[in-house]
1. Rounded to the nearest 20 debye, what is the charge dipole size of the stretch 253-299 about its Cα centre when +1 sits on each Lys and Arg Cβ and -1 on each Asp and Glu Cβ?
2. What is the percent carbon and sulfur in the accessible area of the stretch 248-338, measuring with a 1.4 Å probe over the protein chains and ignoring ligands?
3. Give me the net charge for the shell around residue 207: Cβ to Cβ below 12 angstrom, other residues only, Lys and Arg +1, Asp and Glu -1.
4. Kindly state, to the nearest 0.05, the FRET efficiency for residue 304 paired with residue 263, given R0 = 22 Å and r defined as their beta-carbon distance.
5. Using 0.36 nm per residue of separation minus the Cα-Cα distance, give me the extension gain between residue 190 and residue 74 in nm, one decimal.
6. Points 7 angstrom from Cα along the Cβ direction at residue 296 and residue 392: gap in nanometres?
Amino acid sequence: MQQIIDRRLAGKNKSIGNRERFLRRHKAQIQEAVKRAVAGRGIRDIAQGEDIHIPRRDISEPVFGHGPGGRREMVHPGNRDFVRGDRIDRPQGGGAGRGTGQAGDAGEGEDDFVFHLSKEEFMQVFFDDLALPNLIRTTLADAPEYKTHRAGFSSDGTPNNLHIVRSMRGAIGRRIALGSESRRELTRLEGLLVVLRAQAATPSRRHEIEALERDIEALRAHLLRIPYLDPIDLRYRSRVRTPVPTARAVMFCLMDVSGSMDEARKDLAKRFFILLYLFLTRHYERIDLVFIRHHTQAQEVNEHDFFHATETGGTVVSSALVLMEEIIRARYPSGEWNIYGAHASDGDNWHNDSTLCRKLLAERLLPLCRYFAYIQVVEQEQNLWQEYVLLAESSEAFAMRKASTADQIYPVFRDLFSKEGASK
């Protein structure tokens with residue numbers, strides 16, 4: 001019978017099993033806290049942890065206790081005021097708790113239980129609300145993709161990375177270093193042997209010649225014992241993995257801020273922009289964000305005004321598209337930046353303006369963009385939706401979806417991921 005033992009180390013004073021059980025048990029409170037955090041954070045700050053405050057009464061455990069009645073005897077040390085049979089009054093007064101509220105007349109108060117969500121746990125709860133598959137959750141939450149590049153040579157590696165020229169160069173240098181002194185000595189002894197053989201033969205000279213011959217043979221044997229190629233000579237190509245994003249990218253966030261776009265619809269739009277931002281940060285090291293809000297006129301604003309400002313009046317979507325093109329031409333050349341656009345709206349637009357929007361996207365913006373996505377936060381289709389349907393049929397760089405609830409946002413990104421994967 002096969003047994004699997006989990007030997008992963010838990011953090012100090014922590015239990016992985018207890019932590020996961022706690023997250024499952026108080027999922028509703030944690031999801032509500034994450035929603036509040038998302039509403040109050042900027043897009044760039046979304047991937048952080050969060051402190052969750054849970055009232056202590058919500059984490060109380062069931063206990064068994066003795067019911068009233070029966071006869072019990074107790075010993076109270078230090079009692080000087082009461083004797084057997086006296087009735088003890090309830091203590092008067094009480095203190096105030098720091099948690100959910102002030103103490104009442106009975107002296108009861110509660111403190112909040114503070115629980116810290118890690119970055120990974122926060123993103124997991126955030127993705128749960130968007131109904132993302134596990135594979136896409138991992139893809140979005142992970143670090144950027146890694147690429148390998150050469151980083152010199154190393155003394156160990158696999159045979160397919162062996163650099164022959166560098167290895168032979170090292171072998172030659174080693175043989176020269178180990179045999180140079182012996183070769184000089186050999187040359188000197190051979191010259192001396194030639195001189196002795198040219199002289200008259202005598203018994204002493206013959207002994208001297210024999211000794212020289214023995215020394216010469218020993219030196220030649222020593223030189224032959226120097227290996228032609230030694231394991232220390234081998235050099236392998238070294239490759240390291242580093243996060244190398246493709247290039248710079250800019251993300252244009254366009255949103256209708258007319259009176260019909262209430263806070264709930266803006267919250268859907270924000271979740272959509274957050275997902276797009278997480279997707280882009282996986283592929284690019286530098287991400288610029290440009291926020292453009294529009295009603296009858298378009299304006300570049302900061303993130304706070306983008307999500308919280310409310311205007312009245314009609315809606316002219318083309319004003320935002322024109323402003324986006326002007327910003328691209330002025331600050332983000334398409335040859336140096338990867339440009340992404342995303343537009344969130346309730347679909348309301350002046351009738352005569354919708355056709356102009358389709359032409360602006362098809363002829364002037366989509367040739368500059370890697371991708372442009374349109375999300376409509378209501379189900380009802382209006383003239384802008386009908387015009388964009390024609391555009392989606394003719395352009396692969398344009399995607400459009402409806403998302404009236406949070407769990408409907410993902411289909412836009414499923415389409416976006418599939419096309420990004422197919423283009424690489």
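The values are calculated or read from the model by the stated rules, or taken from the named source; none is laboratory data. Please read all numbers here as calculations on a predicted model, not as lab measurements. No Cβ is skipped: glycine too gets one built from the backbone with ideal geometry, and neighbour counts run over all protein chains shown. What goes into the accessible areas is simple: the full protein's heavy atoms, side chains included, and nothing from ligands, DNA or RNA. Shrake-Rupley method; radii C 1.70, N 1.55, O 1.52, S 1.80 Å.
1. Numbers: 7 positive and 6 negative charges, 21 e Å.
Dipole size: approximately 100 debye.
2. Whole-percent figure for carbon plus sulfur exposure: 44.
3. Working: positive: 205, 206, 214; negative: 208, 210, 213.
Within the 12 Å Cβ shell, the charges total 0.
4. On the way: r = 14 Å, r/R0 = 0.63.
So, using R0 = 22 Å, E works out to roughly 0.95.
5. On the way: separation 116, 0.36 × 116 = 41.76 nm, distance 11.25 nm.
Separation in residues times 0.36 nm, less the Cα-Cα distance, equals 30.5 nm.
6. 3.1 nm
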